[in-house]
Amino acid sequence: MKITEVRVIVTCPVGQTYTLVKILTDEGVYGVGEGTKNGRELAVAALLEHHLAPTLIGRDPGAIEDIWKYLYKGAYWRGGPIHNSALAAIDMALWDIKGKVAGLPVYSLLGGPTRRGLLTYVHTHGRDFEEVTDNVLQRKEQGYRVIRAQVQTPGMPGGYGAEDQNDPDYQRSKTERLPYEGVWEPEPYLQIAPRLFDHLRAKAGWDVELFHDAHGRLTPIQAARLAKDLEPYKLMFLEDPIGPEHAPSMKLVRQASTTPLGIGEIISSKYQILPMIVEQTIDYMRCSPMHIGGITEGKKLAALAEPFEIKTAFHGPGDVGPIGAAASAHVGMAIPNFGIQEWVRHADLTHEVMTGGPWFEDGYLKLPNTPGLGVDINEDLARRYPWERKYLPAIRRADGSMHGY
Ligand SMILES: [Mg+2]
C-alpha cells in the first residue's frame, strides 16, 4: 500500500477553525487526522501542505514509527507547537488507516481496552459563588462525576474561564476579531479561589470531584500558597499552577501541600514534561496527543509516566475537534495510567462536518468499536466554512503590563 495524496482541509463550522488532513492510498483506504492549533490554524495547514505532504507520497502508510521519526528528525528543525501539531495530524491519519486495514479500532492495536469508558469532566464558571454553585449542581444532575469550577474575581474582567463578557474591551475584541486584553491581578484571585471551594463544598457536597485551573498565571510561591489554601477542599488536582517552562519550580509548589497537581496543556513535546515526571512533581499530564505528535507520542508519554504513578488528563476543550478528541480517547482506552479526559460536546454543525468520535454517557466517554479512529470528514460540508480569524485572549496587570493568558 502506498500514500497517493495528503489533503489538507481547513474548516470553521461554528466559530473555531480546525486543521485537518486526509491521507489517501492506492488501495482506496484513507485515514483522517487533526492538528488544530488555536489562533495559529493556518500555520499548521501551510506546514502540512507545502513542506510535509510532498515527502509522504509513495511511502508505506503502515510504517508509522518510521514516518514519525523521518518527519521529526529528518527535517533537522524539530519540535515546537506548530510542527508537532502537524505531525500529530499525519500520525492520527496513519493510525486510522492501520485500524481500517486490520478491521480493528485503534485502541485495540495499542494494546486493547483497559476500561469500559473514560472518566471525563465539564467546565463550570460564574460571576459569583451562587452562579458557579447553580452550574455545578446542574452538571452533577447531568451525571458528571468531576467538575472544574472557575469564578470571576471582582473588579477583574480577565478572569480565566470566567471572563466578564460585558467588558467593552471584550465585546470590541469579538467585533474586530483581535485578542481580548483583559485585566487581572493575582492577589484578589488568590483570596477568592479558596473561598469559592469552601462555598462549593458546603453547597454541592463531597460526592463530586472538583478541581480548578490557575492557567499558568502564578509565580511559584503564589502557586504554592494556592495549593496549600485549597488543600482542605480535596481537589482532584490543581491545573497549571505555573507555566510549564518553570519545571524546576514545581518542586517548591509540590512541597507546599498534598493538593495533586496537573500541568502541561501548552507543552508540545515529551522532552518538556520529562523533568516533572522523573522528579514526581506532578500527578497529571495535561498535554494533548494532538499537540505533541499524535497517538504514537501519546502512548509513549503515558508509558514514561506509568512507573512514576502519574496519570493522563489530556487537554481537550472546544479547540480540540472531534478527530483530535477521538485520538486522545483511543490512547486513553489502551493505557493503564489513564486519569481523566477533558471533553466538550461541539455544536451540532461541527459534528456534521467531523462525524463520529467519543460521546458522553453517565460521566464517561464511550468509543465505538468501528475500525480505525471511528471518525470521518464531510469534505463538501467542510469546504462551505472557510477559516475565520480568531485569537485566544491575553491578560494585562492593573498597571497595563503584559502578563499572559
Ligand atoms: Mg487549562
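Read-outs throughout are calculated quantities, based only on the coordinates presented, and are distinct from any laboratory measurement. In this text the structure is predicted, and so the values were computed from the model without any measurement. Backbone-built Cβ (ideal geometry, glycine too); neighbour counts: all protein chains shown.
Which of the residue pairs Lys69/Lys390; Lys98/Lys299; Lys234/Lys270 have a Cα-Cα distance greater than 23 Å in the structure shown?
Lys69/Lys390; Lys234/Lys270
Given points 7 Å out from each Cα along the Cα-Cβ axis, report the Leu381 to Gln171 separation in nanometres with one decimal.
Placing both labels 7 Å beyond Cα along the Cβ direction yields 3.4 nm.
Is it possible to state the helix-based mean residue ellipticity at 222 nm for the chain, with each DSSP H run of 4+ residues giving -39500 (n - 2.57), the sum divided by total residues, to the nearest 500 deg cm²/dmol? What is it?
-11000 deg cm²/dmol
Please list the equivalent ellipsoid semi-axes of region 253-405, computed as the square roots of five times the alpha-carbon gyration tensor eigenvalues, in descending order and whole angstrom.
In descending order the semi-axes read 28, 23, 13 Å.
Arranged from highest to lowest average of other beta-carbon atoms within 10 Å per residue, in what order do the peptides 333-341, 160-168, 83-91, 71-79 appear?
Going by the mean number of other Cβ atoms within 10 Å, highest first, we get 83-91, 333-341, 160-168, 71-79.
To the nearest 0.05, how large is the calculated FRET efficiency for Ala347 and Gln255 if R₀ is 51 Å and r is the Cβ-Cβ distance?
Efficiency computed from Cβ-Cβ geometry: 0.70.
What does the extension gain come out to for Glu231 and Thr219, with contour length at 0.36 nm per residue minus their alpha carbon separation?
2.5 nm
HN-Hα J couplings of region 13-28 from phi, Karplus 6.51/-1.76/1.60, θ = phi - 60°, integer Hz, Gly and Pro as x?
3J(HN,Hα) across region 13-28, in whole Hz: x, 9, x, 9, 7, 10, 9, 10, 10, 10, 9, 9, 10, 6, 9, x.
Would you work out the charge dipole size for region 346-405 about its Cα centre, treating the Cβ of every Lys and Arg as +1 and the Cβ of every Asp and Glu as -1, and quote it to the nearest 20 debye?
440 debye
Give the whole-number value, in cubic angstrom per residue, of the convex hull volume spanned by the C-alpha atoms of region 3-105.
Expressed per residue, the convex hull around the Cα atoms of region 3-105 is 96 Å³.
Based on the Cβ-Cβ distance from Glu309 to Arg59, what FRET efficiency comes out when R0 is 45 Å, to the nearest 0.05?
Given R0 = 45 Å and the Cβ-Cβ separation, E is 0.70.
With a length cut of 30 Å (Cα positions projected on each helix's long axis) and a Kyte-Doolittle mean of at least 0.0, go through the chain and give me the DSSP H helices that pass.
81-102
Over 10 Å intervals from 0, what percent of Cα-Cα pairs in the chain sits in each interval?
Over the chain, the share of Cα pairs per 10 Å bin runs 5, 23, 33, 26, 11, 2, 0 percent.
List the extent of the Cα atoms of region 320-370 along each of their three principal axes, largest first, rounded to whole Å.
Principal extents (largest minus smallest coordinate, Cα): 34, 21, 19 Å.
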